[in-house]
Amino acid sequence: MMLSMLAEPDDAVTGRLLSRLGGVEMLGLLESEGKVPGMGRVDAQVWRDRLSAASRPDELAGRLRAVEASGTGVVVPGDRDWPASLGDLYDREPFVLWTRGAASFLSRPVTDLLTITGSRAATSYGERVAGEIATDLARDGRVVVAGGAYGIEGAAHRAALAAGGDTIAILAGGIDRSYPAGHRDLLDQIAGVGLLVSETPPGASPTRHRFLARGRLLAALSNTTVVVEAGARSGARHTARQAHELDRNVGAVPGAVTSAASAGPHQLIGEQRARIVTHAGEIINMLHMREALLESPQRPPLGSTLSRDHARCTGGRDGLSL
């Protein structure tokens, strides 16, 4: 909890130290002038300055007390509800997940979760397709994961809720800050029957870096990521690339060749980073194929210790660099 208040999301340097030293010893290094494993003197001081600038000790204690008093949910690695699939991020795994709602959704099998993402400035075609896909996935018992944004993601959340299904919204800011403000009622509804999740602490504002960092969680948490509409340079396309690098299924919905909103999906298809998806049945077939693959005795499940060790031996961690 303290680390999430000191370090920015997707801080691989701090994550590497955490996995090597543990939380208590690593936090102790912040207050000392001793050597930091794997760092020279200058780099160590830069790391200390960067984390120490985030909050004074008295402020940090007050923030922790406020969080405890608020009843905000907290899930950390090793807890029953911690999603094992996030282990595939290695040093980029979040330190903690702050939750509001049904945290048990996080412990569902990775093949139960599917991410739908896309443009905020979506067309009526994109919102309709996203809604249809989310509806059918919800009826198939899958959890629809998205980022709570306007456009494609909002359409996916609404459709899943309307179908009586489960949905998770992963936020770039604190779970106590409704962002975007126009989705306050939607996010409250998700918190009531689904789950809001963030790796940033309560009170944190969404920033460009935090939006980009949130993309790796959208990619890693789910078995499959589907991009409905996205620009050629967009956060949704960034999320799809990370899902591809994590060996997740990636689908892209084609659109008109004259539509700028479909440039991102078309590029993903052309780069062979995504399969063409036109309806939920194709996604469900991909999920069933992945379920059969993961149940095969020849391959360890995603997120398992064995698969992570295999990825380390074969350079899997290097494949996560952007």
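Using 0.36 nm per residue, how much length does the chain from Thr278 to Val24 gain when fully extended, once their Cα-Cα distance is taken away? Spell out each step's value before the answer.
Working: separation 254, 0.36 × 254 = 91.44 nm, distance 4.94 nm.
Contour length minus the Cα-Cα distance gives 86.5 nm.
Ordering of 275-286, 249-260, 92-103 by packing is 92-103, 249-260, 275-286, highest average first (other Cβ atoms within 10 Å, averaged per residue).
Calculate what fraction, in whole %, of the accessible area of region 23-108 sits on carbon and sulfur atoms when a 1.4 Å probe is rolled over the protein chains.
Working: 2460 of 4720 Å².
Percent of accessible area from carbon and sulfur atoms in region 23-108: 52.
Rounded to the nearest 0.05, what FRET efficiency do Leu64 and Tyr179 have when you use their Cβ-Cβ distance and R0 = 22 Å? Please list the in-between numbers first.
Values: r = 23 Å, r/R0 = 1.04.
Efficiency, from the Cβ-Cβ distance: 0.45.
Taken per residue, the accessible surface of the chain reaches 45 Å², heavy atoms only and a 1.4 Å probe.
Where does each of Met26, Met289 land when they are ordered by accessible area, with a 1.4 Å probe and the largest first? Provide the component values of the computation, followed by the final result.
Numbers: Met26 0, Met289 120 Å².
Accessible-area ranking of Met26, Met289, largest first: Met289, Met26.
Taking all protein chains together and rolling a 1.4 Å probe, Arg248 ends up with roughly 10 Å² accessible.
Rounded to the nearest angstrom and ordered from largest down, what semi-axes does the equivalent ellipsoid of region 136-196 get from its C-alpha gyration tensor (root of 5λ)? Could you put the intermediate results ahead of the total?
Values: eigenvalues 70, 23, 18 Å².
Ellipsoid semi-axes (Å, largest first): 19, 11, 9.
Computed on the chain, with alpha-carbon pairs under 8 angstrom and 6+ residues apart, the relative contact order is 17 percent.
Let me check I've understood the local charge: for Gly73, count other residues with C-beta under 12 angstrom from its C-beta, Lys and Arg +1, Asp and Glu -1. What total comes out?
Charge balance in the 12 Å sphere: -3.
Once you list every other residue whose beta carbon is under 15 Å from the beta carbon of Leu51, what net charge do they have if Lys and Arg are +1 and Asp and Glu are -1? Summing Lys and Arg as +1 and Asp and Glu as -1 gives -4.
Order of 186-199, 165-178 by packing, highest average Cβ count within 10 Å first?
165-178, 186-199
Can you give me the angle between helix 152-162 and the longest principal axis of the chain, using Cα atoms only, in degrees from 0 to 90, rounded to the nearest 10? Tilt relative to the chain: about 80 degrees.
Taking 0.36 nm per residue of sequence separation and removing the Cα-Cα distance, the Ser32/Ser107 pair yields an extension gain of 23.3 nm.
The trypsin sites (Lys or Arg not before Pro) of region 1-79 meeting both criteria, a DSSP state outside H, G, I, E and B (loop) and at most 15 other C-beta atoms within 10 angstrom of the site's C-beta, are Lys35. Taking the Cβ of Val253 as the centre, find all other residues whose Cβ is under 12 Å away and add up their charges (Lys, Arg: +1; Asp, Glu: -1). My count for the surroundings of Val253 gives -2. Taking the square roots of 5 times each eigenvalue of the Cα gyration tensor of region 184-236, largest first, gives ellipsoid semi-axes of 21, 16, 12 Å.
Tell me, what does the Kirkwood hydrodynamic radius of region 73-169 come to in angstroms if you use every pair of distinct C-alpha atoms?
Values: mean 1/r = 0.0713 Å⁻¹.
After inverting the pairwise mean of 1/r, the radius is 14.0 Å.
So, R0 is 45 Å and r is the distance between the beta-carbons of Asp188 and Ala256; what FRET efficiency does that work out to, to 0.05? So the FRET efficiency works out to roughly 0.80. Region 116-193 and region 10-58 have Cα centres spaced 37 Å apart.
The values are calculated or read from the model by the stated rules, or taken from the named source; none is laboratory data. Everything quoted here is computed from the prediction, not taken from an experiment. Every residue, glycine among them, receives a Cβ derived from its backbone with ideal geometry; neighbour counts consider all protein chains shown. All accessible areas refer to the heavy atoms of the entire protein, side chains included, with ligands and DNA or RNA removed. Shrake-Rupley method; radii C 1.70, N 1.55, O 1.52, S 1.80 Å.
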